[in-house]
Amino acid sequence: MTIRIDRDRLWATLMELKEIGAYDDEATGLRGVRRLALTDADAEARRRCVAWMVEAGLEVRVDRIGNVYATRPGRDRSLPCVLMGSHIDTVATGGAFDGTLGVLGGIEVMRTLDDAGIETLRDIEVGFFTEEEGVRFGTDMLGSAVTAGRIPLEHAHKLTDNDGKTVEEELIRIGFDGEAHERRPIPHAYIECHIEQGPILSTAGVTIGIVEGVQSISWQRLTLHGEAAHAGTTPIPARHDAGLVAASVVVEARRMCDSGEFGQLRATVGNFVVSDGQTNVIPHTATITIDLRNPNNTHMTAAESHLATYVHTLSTQHGVTATWERMAKTPVVPFDPAIQNLLASTADDLDLPYVRTMSGAGHDAQEIAALCPTAMVFVAGENGGISHTPREHSTPAACADGTDVLANAVLHLANQP
Ligand code: GLV
Ligand code: MN
Ligand code: MN
């Protein structure tokens, strides 16, 4: 027996949530979503999701890092639950699907089980995790990493945004400083449905991806301190140009990717700030973020140490000092082969062609994988799978396909003794 979710109902919730934090994006002329973690927009979206959970008859709890879980009781409540989930925070230039599909898809699975009058042996839960994007407080997968025990709650609470506001005070302010212990009960299994955010599925002409794992992610902030001086009078050899060193790092990072020396390295400098931004003054300080991704841990280590040496040599040469700050670092996380195979056989049962693929993006599933057997279902995006921009889009049919795979795999796991 296979069950099918209600695609119109799922789509309606995706479109409704998209309006919370919506903004007009100048660069694309499209309407995007800006719902940074623990802002008012995030709070409103959280309350909307909790209302949907309650309407679906679920028991809702919030933990001390603001993760929210909703439970559909099974027949034997002493057994570990099957967990679904993802996140509802977005980057500042987000779309309607990144994260939300896995959360609203999970709620839709619960409604579908109710409509079909299906009872399960185990509890089923759907959750959303705090600050997956890491854009506001600087560390991605924060809520799930705390739950998995990789990041201590006290450390997470003290992280600050650009205005010096802490995670803890923002949790309290928006009313999501819950009482449940952050180290949640160990689930039987976790499945996260998520848009792919890349071009592999659409190139293969399929709507479904079975995810083999997530590549290694390294985030660092590099601050270069030079000396401000007159642009017209300071001789070239006498300059301590922090902006020049920062710009060279951007170019070197790209060269490293192109060289093939570091395997399938991807490097991005997404934040570049030069002080004080004056046309006729040599920059005294430059701060950049460096995002490195690599499907191979050895290549990642080599890339990080090459960059460290490069920065050291170049800053010494220019009389500039360099300060590194570690923001986030996760190794390659392989997903559970048995859950992957269950997802694959579920897609077969539903007559949905799929490909197996590694994830280029980071996900809460990479943290929850430390707790229990975990895997992910990817759903194809439109426009070549572009994401982290308002151009991010998927179709009602693709979202329903992925959620159908989620529903049937979860149903199977929830009846496993
Ligand atoms: C999460 O969206 C990431 O940065 O991969
Ligand atoms: Mn995401
Ligand atoms: Mn994202």
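The table for this structure:
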{"quantity": "Sequence-distant residues sharing a close amide H with residue 327 (under 5 Å, placed H)", "calculated": "219, 220, 221"}
{"quantity": "Highest-first arrangement of 130-136, 28-34, 291-297, 112-118, where packing means the average Cβ count within 10 Å", "calculated": "130-136, 291-297, 28-34, 112-118"}
{"quantity": "Residue of 290, 210, 191 that the Gaussian network model of the chain assigns the largest fluctuation, springs spanning Cα pairs under 10 Å", "calculated": "290"}
{"quantity": "Range of Cα positions in the range 51-207 per principal axis (Å), largest first", "calculated": "49, 44, 27"}
{"quantity": "Reciprocal mean inverse distance between Cα atoms of the chain - Kirkwood radius, Å", "calculated": "22.3 Å"}
{"quantity": "R0 of 22 Å, Cβ-Cβ distance residue 281-residue 236: FRET efficiency to nearest 0.05", "calculated": "0.90"}
{"quantity": "Contact order relative to length of the chain, as percent, for alpha carbon pairs under 8 angstrom and 6 or more apart", "calculated": "24 percent"}
{"quantity": "Rounded to whole Hz, the Karplus (6.51, -1.76, 1.60) HN-Hα couplings of the range 128-137, x for glycine and proline", "calculated": "10, 9, 6, 6, 5, 6, x, 6, 7, 10"}
{"quantity": "Residue-by-residue Karplus 3J(HN,Hα) for the range 49-55, coefficients 6.51, -1.76, 1.60, Hz, glycine and proline x", "calculated": "5, 4, 4, 5, 5, 5, 4"}
{"quantity": "Among beta bridges that DSSP assigns inside the chain, antiparallel share in %, nearest 5", "calculated": "70 percent"}
{"quantity": "Cα→Cβ-extended label distance, 7 Å offset, between residue 179 and residue 296, nm", "calculated": "5.2 nm"}
{"quantity": "Contact order relative to length of the range 217-330, as percent, for alpha carbon pairs under 8 angstrom and 6 or more apart", "calculated": "43 percent"}
{"quantity": "Phi to ³J(HN,Hα) by Karplus 6.51 cos²θ - 1.76 cosθ + 1.60 over the range 181-195, Hz, x for Gly, Pro", "calculated": "5, 5, 8, 5, x, 5, x, 5, 6, 10, 10, 10, 9, 8, 5"}
{"quantity": "Zone residues, the range 349-367, relative to residue 2, backbone N less than 20 Å from point 7 Å out along Cα-to-Cβ", "calculated": "349-357"}
{"quantity": "In nm, spacing of pseudo-spin labels at residue 324 and residue 221 (7 Å Cα→C-beta vector)", "calculated": "1.6 nm"}
{"quantity": "Mean shadow area of the range 210-326 over all directions, Cα convex hull, nm²", "calculated": "8.0 nm²"}
{"quantity": "Euclidean distance of C-alpha centroids, the range 335-400 and the range 252-287, integer Å", "calculated": "32 Å"}
{"quantity": "Over the chain: helical MRE at 222 nm, DSSP H runs n ≥ 4 each giving -39500 (n - 2.57), nearest 500", "calculated": "-11000 deg cm²/dmol"}
{"quantity": "Descending semi-axes in Å of the range 214-271, equivalent ellipsoid built from Cα gyration tensor", "calculated": "31, 13, 7"}
{"quantity": "Spatial extent of the range 102-186: Rg and Dmax, with the Cα atoms as the point set, Å", "calculated": "15.8, 49"}
{"quantity": "Average Cα contact separation per residue, the range 260-417, under 8 Å, 6 or more apart, as relative contact order %", "calculated": "15 percent"}
{"quantity": "Ranked packing of 353-364, 173-184, most packed first, by mean Cβ within 10 Å", "calculated": "353-364, 173-184"}
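Every number here is computed from the coordinates shown, using simple stated rules; none is lab data. Worth saying up front: this structure is predicted, and the values here are computed from it rather than measured. Methodologically, a virtual Cβ is constructed for each residue, glycine included, from the backbone with ideal geometry; neighbour enumeration extends over all protein chains shown.
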